[in-house]
Amino acid sequence: MSIRLVTDYLDASAEKYPEKIAFADENREISFSQVKSEALKIATKLINDSVFKKPVVIYLDKSVEVLVSFMGAAYSGNFYTPIDTGMPSSRIEKIMETLCPAVIITDEAHRNAASEFSGNTPVILYSDIQKLTADEALVEQAKTKILDTDILYVLFTSGSTGTPKGVIISQKACIDYAEWVTKTFDISSSTIFGEQAPFYFDNSILDIYQTLKNGATLYIIPQKFFMLPKQLFEFLAEKKVNTIFWVPSALCIMANLKAVGKFPVPTLKKVLFCGEVMPNKQLNVWRKAFPDCLYANLYGPTEITDVCAYYIVDREFSDDESLPIGFACENTEIIVLNDKNERVQKDEKGELCVRGTCLSYGYYNNPEKTQAAFVQNPLNSKYPEIIYRTGDIVHYNERGELMYDCRKDFQIKHMGHRIELGEIETAVSAVEGVEQNCCLYDTEHSKIVMFFTGSVEAQQIIDSIKNAVPEYMIPNKKIKLDKMPINLNGKIDRVELKKML
Ligand code: AMP
């Protein structure tokens with residue numbers, strides 16, 4: 001069967017493995033045929049409401065229903081945006097302003113919260129849709145109007161101006177990625193994922209679409225288990241998980257808690273990770289405890305559909321060495337450009353830029369930010385060819401492998417979350433009594449540090465910004481100053497502040 005749209009994956013798996021468990025959470029296990037039939041009901045509702053090529057917000061706790069809703073949006077030719085139910089309402093409002101969704105799908109428990117930010121957007125309950133009858137012929141007909149270049153999802157990432165950016169990903173970008181993952185990591189119907197990533201984070205794309213494509217099984221790991229190692233490893237063992245794709249922070253927490261190797265997971269075969277630097281110190285703990293597993297360092301931002309480079313760990317590394325990010329994925333070119341926009345030579349450092357089907361179309365409803373990051377390939381003046389500038393500084397090592405060095409701007413990764421420090425600073429500036437502020441990241445201790453001046457106390461600032469930024473963006477350390485250090489350009493002197501960390 002040729003694959004044009006992601007729902008073709010689900011159709012094929014529902015036909016081949018109708019009764020097999022596709023997705024499971026704490027409350028429910030759902031088979032491929034159930035995923036399809038529930039998704040078709042959502043699609044029927046959207047088509048009957050004349051919603052086509054429009055954003056559909058999914059406002060539900062992390063659950064199988066979120067994944068079914070994604071498919072419902074896809075079957076109807078719409079695109080989905082999951083919104084974390086724990087996100088502060090002011091941030092959701094900014095997303096809503098950018099996205100202007102056609103509909104919000106939620107449940108009884110979140111109906112009231114949804115009505116606070118929905119404005120004129122219709123709010124529909126998942127359970128109500130499930131009372132309707134699916135019209136498969138209608139959905140089939142709608143399918144003929146969907147192109148593989150159409151949008152599949154828009155995921156929001158932190159934005160330095162305080163407004164999150166909605167990264168647009170097409171059907172074909174997701175399919176291109178899914179095909180590569182299956183081939184490279186030998187994913188099949190016997191794959192069982194222990195899924196960690198939140199669904200609003202692009203890492204989850206791997207687990208979701210590999211499951212749909214291959215008739216695999218995805219168990220959502222309850223978030224609380226990442227603080228309860230015994231339960232976590234028992235869960236993996238009980239569900240016979242053989243593949244995990246986690247953010248390095250999650251792997252590191254387990255290694256630091258000395259939990260890795262303490263509890264057997266005999267089925268575990270593949271440990272993939274992506275999203276931030278994976279330190280070899282903690283990776284070595286995993287490699288020692290699970291010596292027969294395949295380990296792979298995947299690299300990529302949301303803007304290139306999760307992953308554009310990868311390194312399958314094939315040799316020993318000492319604790320203080322850096323792990324390569326390796327090589328470009330198939331059908332993807334990585335171009336490392338120096339300050340002069342020329343290809344770097346030998347081990348010269350430069351910005352990692354990407355070209356290929358994997359590229360996002362840009363940021364939803366945000367042409368300025370799109371034009372700044374998605375630019376004409378400076379190495380090609382003959383025809384339009386867009387590359388994405390990641391803002392990541394890298395170099396090639398003596399083996400020709402890509403090595404990640406640092407970010408070129410103020411974006412950080414904190415516990416796996418992508419954060420623009422500017423977004424926190426914008427929220428802090430808005431607090432009454434704050435004169436100046438600057439946020440830095442203390443990489444060594446994994447702490448967001450807020451420096452501020454003004455007539456206000458740290459706790460007041462924290463209390464106020466709780467309504468503006470998610471929990472993981474709240475500064476861990478607060479330093480009140482009488483005066484901000486200023487550099488020669490009249491800007492806040494970050495170098496001077498760094499010395500105070
Ligand atoms: P996100 O869009 O949340 O996936 O974040 C993308 C950013 O995370 C990249 O631009 C990098 O700065 C960082 N990142 C992702 N994967 C890796 C990796 N394997 N090693 C180092 N940094 C990474």
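Using a ≥ b ≥ c from the Cα gyration tensor of the stretch 30-145 (square roots of the eigenvalues), is it rounded, prolate or oblate, where a/c under 1.5 gives rounded and otherwise the larger of a/b and b/c decides, a/b for prolate? Here the stretch 30-145 falls in the prolate category. For the set K145/K340; K269/K346; K369/K466; K369/K498, the pairs lying more than 32 angstrom apart at their alpha carbons are K145/K340; K269/K346.
Among V277, F263, Y219, flag the residue with its Cα farthest along the positive direction of the charge dipole of the stretch 179-277, charges on Cβ as +1 for Lys/Arg and -1 for Asp/Glu. So the residue furthest toward the plus end is F263.
Would you mind working out the magnitude of the charge dipole of the stretch 259-406 relative to its Cα centre, with +1 at each Lys and Arg C-beta and -1 at each Asp and Glu C-beta, to the nearest 20 Debye? Don't jump to the answer; show the numbers that get you there.
Numbers: 16 positive and 22 negative charges, 72 e Å.
Once rounded to the nearest 20, the dipole reads 340 debye.
Its Cα centre serving as origin, the stretch 356-501 has a Cβ charge dipole (Lys and Arg +1, Asp and Glu -1) of approximately 200 debye.
Per residue, the stretch 1-150 exposes 43 Å² of solvent-accessible protein surface, assessed with a 1.4 angstrom probe and all protein chains in place.
A dipole drawn for the chain from +1 and -1 charges on Cβ atoms has a positive end, and of L46, S429, G490 the residue lying farthest that way is G490. The distance from the alpha carbon centre of the stretch 431-501 to that of the stretch 380-400 is 34 Å, rounded to a whole number.
Could you sort 339-352, 361-374 so that the peptide with the highest average Cβ count within 10 Å comes first and the rest follow in order? Kindly include the intermediate steps, with their values, before the conclusion.
Working: 339-352: 14.4, 361-374: 16.9.
Order by mean packing, descending: 361-374, 339-352.
Cross-link pairs exceeding 26 Å between alpha carbons, from the set K62/K413; K281/K447; K447/K499; K36/K94: K36/K94. Count Lys and Arg as plus one, Asp and Glu as minus one, and take only other residues whose Cβ is under 14 Å from that of E276; the net charge is then -1. Here the dipole of the chain is about 380 debye; that uses its Cα centre as origin and unit charges on the Cβ of Lys and Arg (positive) and Asp and Glu (negative).
Ratio of alpha-carbon Rg to the 2.2 N^0.38 Å globular estimate for the stretch 135-193, to two decimals, please.
On the way: Rg = 16.3 Å, N = 59, 2.2 N^0.38 = 10.4 Å.
Relative to the 2.2 N^0.38 Å estimate, the stretch 135-193 comes out at 1.58.
Other residues whose C-beta falls under 15 angstrom from the C-beta of C438 contribute a net charge of 0, scoring Lys and Arg +1 and Asp and Glu -1.
For the stretch 350-501, give the percent of accessible area contributed by carbon and sulfur heavy atoms, probe 1.4 Å, rounded to a whole number. Kindly include the intermediate steps, with their values, before the conclusion.
Details: 3870 of 7810 Å².
Carbon and sulfur: 50 percent of the exposed surface of the stretch 350-501.
Taking the solvent-accessible surface of protein heavy atoms with a 1.4 Å probe, what is the per residue accessible area of the stretch 457-501 in Å²?
On the way: 2980 Å² over 45 residues.
Result: 66 Å² per residue.
Label-to-label distance for S429 and M227 is 3.3 nm, based on points extended 7 Å past Cα in the beta-carbon direction. Rounded to 0.05, the FRET efficiency of the A109 and E26 pair, given R0 = 22 Å and the Cβ-Cβ distance, is 0.95.
Taking the convex hull of the alpha carbon atoms in the stretch 372-424, what volume per residue do you get, in Å³? All intermediate terms of the calculation are to be shown ahead of the outcome.
Numbers: hull volume 6.2 nm³, N = 53.
Residue-normalised Cα hull volume stands at 117 Å³.
Our helix-only sum for the chain, with -39,500 (n - 2.57) per DSSP H run of n ≥ 4 divided by its residues, gives a mean residue ellipticity at 222 nm of -9000 deg cm²/dmol.
Per-residue 3J(HN,Hα) values for the stretch 181-195, derived from phi via the Karplus relation 6.51 cos²θ - 1.76 cosθ + 1.60 with θ = phi - 60°, read 4, 4, 5, 6, 10, 6, 7, 8, 5, 8, 6, 10, 8, x, 8 Hz in sequence order (x marks Gly and Pro).
The listed residues R91, R407, once ranked by accessible area (1.4 Å probe) with the largest placed first, stand as R407, R91. In a shell of Cβ-Cβ distance under 10 Å around V469, excluding V469 itself, what net charge do Lys and Arg (+1) and Asp and Glu (-1) give? Neighbourhood net charge equals 0.
Taking a ≥ b ≥ c as the square roots of the eigenvalues of the Cα gyration tensor of the stretch 186-321, is the shape rounded (a/c under 1.5), prolate (a/b larger than b/c) or oblate? Provide the component values of the computation, followed by the final result.
Details: a/c = 1.41, a/b = 1.09, b/c = 1.29.
Rounded.
Under the simplified labelling scheme, the L488-K288 pair shows an inter-label distance of 4.9 nm, with each label point 7 Å from Cα along Cα→Cβ.
Carbon-plus-sulfur fraction of the accessible area of the stretch 87-220, 1.4 Å probe, in percent? Working shown, then result.
Working: 2330 of 4750 Å².
Answer for the stretch 87-220 is 49 percent, counting heavy atoms of protein chains only.
A straight line joining the Cα centroids of the stretch 147-201 and the stretch 93-142 runs 21 Å.
Counting every alpha-carbon pair across the chain, the share separated by more than 29 Å comes to 52%. Taking a straight Cα-Cα cut-off under 14 Å and skipping sequence neighbours fewer than 8 places away in the same chain, the aspartates and glutamates within cross-link reach of K20 are D11, E29.
The values are calculated or read from the model by the stated rules, or taken from the named source; none is laboratory data. Values in this document were obtained by computation on a predicted structure and should not be read as measured data. Every residue, glycine among them, receives a Cβ derived from its backbone with ideal geometry; neighbour counts consider all protein chains shown. SASA here: full protein model, heavy atoms, side chains in, ligands and nucleic acids out. Shrake-Rupley method; radii C 1.70, N 1.55, O 1.52, S 1.80 Å.
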